[in-house]
1. Name the residue that is nearest to residue 248 (Cα to Cα), counting only residues in the range 328-341 that are in contact (Cβ under 8 Å) with a residue 60 or more places away in the chain and aliphatic (A, V, I, L, M).
2. Taking the condition of being surrounded by fewer than 17 Cβ atoms within 10 Å (Cβ to Cβ) and in contact with a helix residue (DSSP H, G or I) (Cβ under 8 Å, 6 or more places away or on another chain), how many residues in the range 207-217 meet it?
3. What's the total number of residues in the range 293-316 that are at pLDDT below 80, assigned to a helix (DSSP H, G or I) and not aromatic (Phe, Trp, Tyr)?
4. Residues of the range 75-97 being under 18 Å from residue 181 (Cβ atoms) and loosely packed, with under 15 Cβ neighbours inside 10 Å, which ones?
5. Does the range 326-339 contain any residue that is touching a Lys or Arg at 6+ places or on another chain (Cβ under 6 Å), within 30 Å of residue 5 (Cα to Cα) and either part of a helix (DSSP H, G or I) or at pLDDT 80 or above (or both)?
6. Are any of the residues in the range 122-129 basic (Lys, Arg), part of a helix (DSSP H, G or I) and at pLDDT 80 or above?
7. Tell me, yes or no, whether the range 77-88 has at least one residue that is in contact with a Gly (Cβ under 7 Å, 6 or more places away or on another chain) and either modelled with pLDDT of 65 or more or of a type in the set (A, V, I, L, M) (or both).
8. Going through 222, 233 one at a time, which residue ends up being without any contact (Cβ under 8 Å) to a residue 24 or more places away in the chain and not small (Gly, Ala, Ser)?
Amino acid sequence: MLSKRWFQMLVAFILVFLLILLIYHTRFIFDPILKYIGAVAFPFIAAGLLFYLTKPLMKLLLKYKTPKILAILLVFAVLILVGYVFTIFIIPIAQDQYTKFVQNIPAMLKGAEDVINYVQTNQNFIPKEVEDTIDNMIANIQTYIEGFMTFLFSFISQVIGFVFTLVLVPFFLFFMLKDGDKFIPFVTQIFEAKKASNLRNLLQKIDHTLSAYIQGQLLVSLSIGVMLFIGYLIIDLSYAFSLALFGMMMCVVPFIGPFIAVVPAILVGAFQDPMNVVWIAIIMIIAQQIEGNFISPNIMGHVLRIHPLTIITIILAAGSIAGFIGILLAVPFYAVVKAIIVHFYETFKDTRKNKEDALI
């Protein structure tokens, strides 16, 4: 029975479970380590994102024989330039449109109440339960708006606090750019040749997966943001720039991001002109079709190959466990885990095949 595969797998599951149970009951030992990891996690992750975003530029500079230190300084100069342009040109426009939007909320609410009151006054076919629900929504709509604004300001405060924790990001990024190519040789040098080659292949797959996802997701989000902005300008939608910017940021969230991105635009368009709801839906459908059929396949290729239902499940689970940060990191984390599992499965198949060939 000891040679049976099902028995070996059962023993492995029991050992893993016992290991998890042991770690749980001795978790106080790991508290200092977890606190240290928590202190450096955000700067490390942010630096990692910037590392993969600037990796193509770094490779291009090194390709033309630019000294590595000079190439790193040029990368930092580009990042500073992007930050300067964003601060000077983009943020003021978005802030001005956001201020106007907040100032127009009372008028928009009054218009919505007038429409609902008119419908209620001039109809007799809506059930009383529906009328009660509508009345309750009208009575509490200000509370809903205030709750949303509180959430928004809380989120902005968290982002500002997060920004202040990123003082270590330039240091992390500098050494990632400087010594990133030495990581794989450093890790694999302690293994024998065959295992080192297998581990090197695995680490290269992980690097390729992260690179494709991060760079691809940014380019996809930028593309959708630009298409939304052009579409909103064509239909003369109010706050077009801010709404397109919001859509671009939400599209960083895989699959469900575009659906969240269009909600504020639909609300604003409905108050401006009810026909705008149709046009906004058409704009988003066109943007999604262009992104899904032309942009994503050419940028990301088939690196991830994750089913939409799997993405939804992962995002929902990550959101309930780790909030917004979990939603952002869930899909790349799953993609890395999937790459690891696939690699070991392929290694197992190759090993088994080689053994069978040897027996023959």
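1. Here the residue is 328.
2. Looking only at the range 207-217, we keep the residues that are surrounded by fewer than 17 Cβ atoms within 10 Å (Cβ to Cβ), and these are 208, 211.
Okay, now just the ones that are also in contact with a helix residue (DSSP H, G or I) (Cβ under 8 Å, 6 or more places away or on another chain), so 211.
Of the residues in the range 207-217, 1 are surrounded by fewer than 17 Cβ atoms within 10 Å (Cβ to Cβ) and in contact with a helix residue (DSSP H, G or I) (Cβ under 8 Å, 6 or more places away or on another chain).
3. Within the range 293-316, the subset at pLDDT below 80 is 293-312, 315-316.
Still in the list and also assigned to a helix (DSSP H, G or I): 293-299, 308-312, 315-316.
Add one more test, that the residue is not aromatic (Phe, Trp, Tyr), and what stays is 293, 295-299, 308-312, 315-316.
Residues in the range 293-316 being at pLDDT below 80, assigned to a helix (DSSP H, G or I) and not aromatic (Phe, Trp, Tyr): 13 in total.
4. Selection gives nothing.
5. Residues of the range 326-339 that are touching a Lys or Arg at 6+ places or on another chain (Cβ under 6 Å), as a first pass: 339.
When the remaining residues are screened for being within 30 Å of residue 5 (Cα to Cα), the result is 339.
Cutting the leftovers down to either part of a helix (DSSP H, G or I) or at pLDDT 80 or above (or both) gives us 339.
Scanning the range 326-339, I find at least one residue that is touching a Lys or Arg at 6+ places or on another chain (Cβ under 6 Å), within 30 Å of residue 5 (Cα to Cα) and either part of a helix (DSSP H, G or I) or at pLDDT 80 or above (or both), so the answer is yes.
6. Applying the first criterion (basic (Lys, Arg)) to the range 122-129 yields 128.
Narrowing the set further to residues that are part of a helix (DSSP H, G or I) leaves 128.
Right, trim to at pLDDT 80 or above and you get none.
Within the range 122-129 (the criterion being basic (Lys, Arg), part of a helix (DSSP H, G or I) and at pLDDT 80 or above), the answer is no, since none of the residues qualifies.
7. Looking only at the range 77-88, we keep the residues that are in contact with a Gly (Cβ under 7 Å, 6 or more places away or on another chain), and these are none.
No, the conditions are met nowhere in the range 77-88.
8. Numbers: 222 fails: without any contact (Cβ under 8 Å) to a residue 24 or more places away in the chain.
233 is the lone residue from the list that is without any contact (Cβ under 8 Å) to a residue 24 or more places away in the chain and not small (Gly, Ala, Ser).
The values are calculated or read from the model by the stated rules, or taken from the named source; none is laboratory data. These numbers come from a predicted model, not from an experiment. Because the Cβ atoms are built from the backbone with ideal geometry, glycine has one as well, and the counts that use them run over all protein chains shown.
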